[in-house]
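Input: a single structure, listed below in structure tokens.
The values are calculated or read from the model by the stated rules, or taken from the named source; none is laboratory data. Keep in mind it's a predicted model, so treat the numbers as computed, not measured. With ideal geometry, Cβ positions are generated from the backbone for all residues, glycine too; neighbour counts draw on all protein chains shown. Each accessible area value is taken on the protein alone, full model and side chains, heavy atoms only, with ligands, DNA and RNA left out. Shrake-Rupley method; radii C 1.70, N 1.55, O 1.52, S 1.80 Å.
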Amino acid sequence: MKKVIVGLSGGVDSSVSALLLKQQGYEVIGLFMKNWHDESVTISNDCPWLDDSNDAMLIAEKLQIPFQTIDLSKEYQLRIIDYMFNEYKSGRTPNPDVLCNREIKFDIFLNIAINLGADYIATGHYARVSNIKVDNQNIYKLLSGIDSEKDQSYFLCQLNQNQLSKVIFPIGELTKTEVRHIAKKNNLITAEKKDSQGLCFIGKVKLPEFLKQRLMPNEGKVIKINDDFNSLIRSRNDFNSKREYLYYLSSPYSFSINDGEIIGKHQGSYYYTIGQRKGLDIGGFEKPLFVIETDVQNNIIYVAMGDDHPGLFKKALFVQFSDIHWVRTDLSIQENEELEVLFRVRYRQPLQKGTIFMFKEGLYILFKKSISSVTAGQFVSWYLDDELIGSGVIN
């Protein structure tokens with residue numbers, strides 16, 4: 001009998017995953033990962049770890065499977081929290097959930113499970129894994145979940161072949177409605193439990209308060225860019241190469257304090273990200289204000305009116321070579337090659353059409369249509385049909 005250790009989070013998805021695996025004849029063990037216990041920066045009613053741990057234990061009792069809790073808070077602090085602060089301090093916007101999967105669930109947790117004699121680990125992600133033979137070798141494919149509204153393949157975009165060979169996603173072929181129906185039919189206490197929100201394992205975080213633990217408030221100017229945005233952008237048509245053209249399109253906009261009017265103050269440019277609307281607390285304009293650029297060196301936030309402002313949109317992005325990750329290394333492209341793909345730059349964003357161009361320094365993705373709020377530090381993932389084949393950190 002194959003042994004599977006399930007990451008029981010206390011939610012309905014992992015609960016049903018454990019149930020299905022037991023019904024399929026696996027030897028199932030439940031493991032709850034305690035990674036965070038500082039409720040001073042969380043909205044404690046939304047995702048307190050103690051309640052989740054208790055729910056996970058009750059599910060294990062219901063399913064009559066062994067259960068234990070492991071404390072990975074030190075590892076989480078080093079690999080996720082420190083990374084987050086460093087990124088925000090640099091004016092970038094990290095995605096800790098992607099790193100949490102790569103560094104915690106599918107690295108530390110996976111190794112613990114293997115050392116306990118498990119053949120596989122399982123989680124409640126809405127994604128699928130299949131395998132094929134290529135040159136007599138097993139190749140594992142990371143596929144989107146059947147439920148397009150809940151597909152979580154984006155959060156798994158940094159996994160590798162070894163990790164995929166050891167993981168099962170029991171609910172990847174189901175919709176959320178079907179998962180809740182199974183939970184209700186089997187009288188699982190998590191059947192009606194709300195989905196967790198916010199950071200992986202932490203809950204719905206009050207982000208400014210969270211960042212203020214290390215990034216002290218630093219008052220600066222909020223500048224509204226002039227309506228004639230195009231006059232501020234150095235327009236070019238004379239490019240010597242495709243690389244030069246792509247570099248131009250993917251580069252951040254460069255503004256100065258003279259390109260608009262000072263309309264208010266903020267408490268720290270690293271608290272804000274491109275595309276952000278809430279938290280500015282500045283009103284009185286015809287349209288809502290959105291952050292279109294941050295300057296952490298000079299502690300300035302640049303904003304513009306409306307979610308259709310051209311300053312929010314880009315036509316390309318760049319991933320430096322060291323940040324490129326191919327899930328399917330057999331599909332990777334080499335210098336001066338190109339590949340048409342589908343891609344997304346954030347969770348739940350509909351897949352977009354684009355073309356990857358590979359150069360020595362890294363790769364560019366040229367968009368078929370301009371994309372709003374492309375942000376340095378976030379992950380871009382690329383697909384062939386419904387298979388996620390690679391990802392990288394946006395530069």
Within region 364-395, backbone nitrogen closer than 14 Å to the virtual label 7 Å beyond the Cα of Ser322 toward Cβ = 393, 395
Any chance you could run the full-extension gain for Glu178 through Asp71? It's 0.36 nm times the residue separation minus the Cα-Cα distance, nm to one decimal.
-> 35.3 nm
Please list 10-16, 121-127 highest first by mean number of surrounding beta-carbon atoms within 10 Å per residue.
-> 10-16, 121-127
Where Met216, Met33, Met1 fall by accessible area, highest first, once all protein chains stay in place (1.4 Å) = Met1, Met216, Met33
Could you check how much of the accessible area of the chain is carbon and sulfur, as a whole percent, using a 1.4 Å probe?
-> 46 percent
Of the listed peptides 299-305, 372-378, what is their order by residue-averaged count of other C-beta atoms within 10 Å, with the highest listed first?
-> 299-305, 372-378
Can you work out the PRE-style zone for Leu384? Point 7 Å along Cα to Cβ, and I want the residues of region 132-164 with backbone N under 15 Å.
-> 132-135, 139-144
Hey, rough spin-label estimate for Lys360 and Leu58, points 7 angstrom out along Cα→Cβ, what's it come to in nanometres?
-> 6.2 nm
From the cross-link list Lys105/Lys150; Lys193/Lys368; Lys166/Lys212, which pairs have alpha carbons spaced over 31 Å apart?
-> Lys193/Lys368; Lys166/Lys212
Gain in span if fully extended, Ile132 to Lys22, counting 0.36 nm per residue against the direct Cα distance = 37.0 nm
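Go ahead and run the numbers for FRET between Lys368 and Phe239, Cβ-Cβ distance against an R0 of 25 Å, rounding to 0.05.
With a Förster radius of 25 Å, E is 0.80.
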Using the reciprocal of the averaged 1/r over all distinct C-alpha pairs, how large is the Kirkwood radius of region 1-138 in Å?
-> 16.4 Å
Pairwise FRET efficiency - Ser148 versus Asn187, Cβ, R0 = 45 Å, nearest 0.05 | 0.95
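Can you give the calculated 222 nm mean residue ellipticity of the chain, where each DSSP H run of n ≥ 4 adds -39,500 (n - 2.57) and the sum is split over every residue, rounded to the nearest 500 deg cm²/dmol?
-5500 deg cm²/dmol
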So how much slack lies between Asn160 and Leu215, counting 0.36 nm per residue of separation and subtracting their Cα-Cα distance, in nm?
-> 16.5 nm
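Which pairs, out of Lys34/Lys194; Lys141/Lys360; Lys22/Lys74; Lys141/Lys184; Lys3/Lys62, put more than 25 Å between their alpha-carbon atoms?
As for pairs spanning more than 25 Å Cα to Cα, those are Lys141/Lys360; Lys22/Lys74; Lys141/Lys184.
Suppose accessible area is computed on protein heavy atoms with a 1.4 Å probe; arrange Asp259, Asp281 from highest to lowest.
Asp281, Asp259
What percent do you get for the relative contact order of region 238-395 when only Cα pairs under 8 Å and 6+ apart count? Mind showing how you got there, number by number?
Working: 286 pairs, mean separation 33.9, N = 158.
Relative contact order of region 238-395: 21 percent.
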Å² of accessible area per residue within the chain, as computed with a 1.4 Å probe and no ligands counted = 48 Å²
